[in-house]
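Step one of this worksheet: look at the structure below.
The values are calculated or read from the model by the stated rules, or taken from the named source; none is laboratory data. Remember, it's a predicted structure, so these values are computed and weren't measured experimentally. We place every Cβ from the backbone using ideal geometry, glycine too, and count neighbours over all the protein chains shown. Ligands, DNA and RNA are stripped out before the accessible areas are found, and what is left, the full protein with its side chains, is counted by its heavy atoms. Shrake-Rupley method; radii C 1.70, N 1.55, O 1.52, S 1.80 Å.
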Amino acid sequence: MKKKIDRRSWAFIIPSVILIVAFVFYPMVQAFITSMQTGMGNNLRFAGAANYKRLLTDSTFVKALCNTVMYLVIQVPVMIILALVISSMLNDKKLKGRGFFRTAIFLPCVTSLVAYSIIFKSLFATDGFVNIMLMNLNFISEPISWITHPVFAKVLIIIAITWRWTGYNMVFYLSGLQGIDDSIYEAASIDGAGGFQKFKSITLPMLKPIILFTTINSTIGTLQLFDETVNITNGGPANATITISQYIYNLLFKYQPNFGYAAAVSYVIVLLIVILSIIQMKVGDDKE
């Protein structure tokens, strides 16, 4: 009977393994082989580490890498903290209209990317709503060039990503908060703990596995950032907002096609994801 069960189990597992190998591992291996080649189509030839050496002297790649890391370092912590705070507020059973607020904050992540990009470009235009509001409040004396200024264009991208994905992480934290027994918070209140103390000593430790999961997911997503920079600023001005993923796209479809070098650049993302995921897993390890 046990042998029959084992055979049936393998019958379910093997198709998934075949699909994963065919559509995940094989393309990864093939991309690595391609990264060691130069040329096009049938004229590909082995070039060793030439493509990887070129990365060190490619100013556009360095710019894209710096931009991507900057988005990661600034946007991910801000988004995670915002999601934690908002989820804690919306988990309050005394709050009226919780369902409405939860839906409203989650909606951006299912909104059409092109539609929201157009809206953002309109809101943050030189004569857009944001500049008009800031000027009426006397925060600025003249309109800010959000899309064409090198610094403010980066700020705009960070705002857009945060607006779009905070609600996504909030849902994970809400599900985790609803799994925490209310008696723990009641006991803390009896002991005289305030709201911040409860958040620090109960909420954060209990949500640690979920925080680790969302942090790794957000890190991977930010390192692969492509849509916002293409649709809002198109990597400009003068590559001020370009990311690694957009640079790979440009190498393949906008510049003179170079599949080998594009594959080499893509493996930089793979390396960054692996390194940062290992670091985050080590930091979030509960063994000690």
Across segment 110-142, the tally of residues that are open to solvent by 70 Å² or more (accessible area, probe 1.4 Å) and part of a loop (DSSP other than H, G, I, E, B) stands at 7
Where the second residue is open to solvent by 30 Å² or more (accessible area, probe 1.4 Å) and at pLDDT 90 or above and the first is closer than 14 Å to A160 by Cβ and β-branched (V, I, T) and lies in segment 119-138, which pairs have Cβ atoms under 8 Å and are six or more apart or on separate chains? V130/L123
Could you please let me know if T203 is at pLDDT 90 or above and among the hydroxyl-bearing types (S, T, Y)? no
Cβ-Cβ below 8 Å, separation at least six or inter-chain, first residue in segment 181-202 and within 22 Å of A83 (Cα to Cα), second open to solvent by less than 80 Å² (accessible area, probe 1.4 Å) and not in a helix (DSSP H, G or I): which pairs? S201/A193; I202/I180
Restricting attention to segment 55-111, which residues are charged (D, E, K, R) and under 24 Å from I157 (Cα atoms)? D58, K63, R102
Please go through segment 53-68 and pick out each residue that is of a type outside the set (K, R), open to solvent by 60 Å² or more (accessible area, probe 1.4 Å) and in a helix (DSSP H, G or I). S59, V62, C66
Considering (1) open to solvent by 10 Å² or more (accessible area, probe 1.4 Å); (2) of a type in the set (A, V, I, L, M, F, W, C); (3) in contact with a Lys or Arg (Cβ under 9 Å, 6 or more places away or on another chain), say which one A264 fails and leave the rest. (1)
Could you give every pair whose Cβ atoms fall below 6 Å, whose first residue belongs to segment 55-72 and is closer than 14 Å to S266 by Cβ, and whose second residue is among the acidic types (D, E) and surrounded by 20 or more Cβ atoms within 10 Å (Cβ to Cβ), counting only separations of at least 6 or pairs across chains? none
Tabulated pairs, segment 86-111, first closer than 16 Å to K198 by Cβ, second open to solvent by 70 Å² or more (accessible area, probe 1.4 Å) and in a loop (DSSP other than H, G, I, E, B), C-beta under 8 angstrom, 6+ apart or interchain: N91/Q178
Please work out if A264 is of a type in the set (A, V, I, L, M, F, W, C), at pLDDT 90 or above and within 16 Å of L55 (Cα to Cα). yes
Failed item, numbered, when S175 is tested on (1) over 29 Å from the mean Cα position of the chain (by Cα); (2) more than 24 Å from N239 (Cβ to Cβ); (3) open to solvent by 20 Å² or more (accessible area, probe 1.4 Å); (4) of a type outside the set (K, R): (1)
Can you tell me which residue in segment 203-238 is least open to solvent (accessible area, probe 1.4 Å), limited to those that are within 28 Å of Y249 (Cβ to Cβ) and without any contact (Cβ under 8 Å) to a residue 60 or more places away in the chain? G235
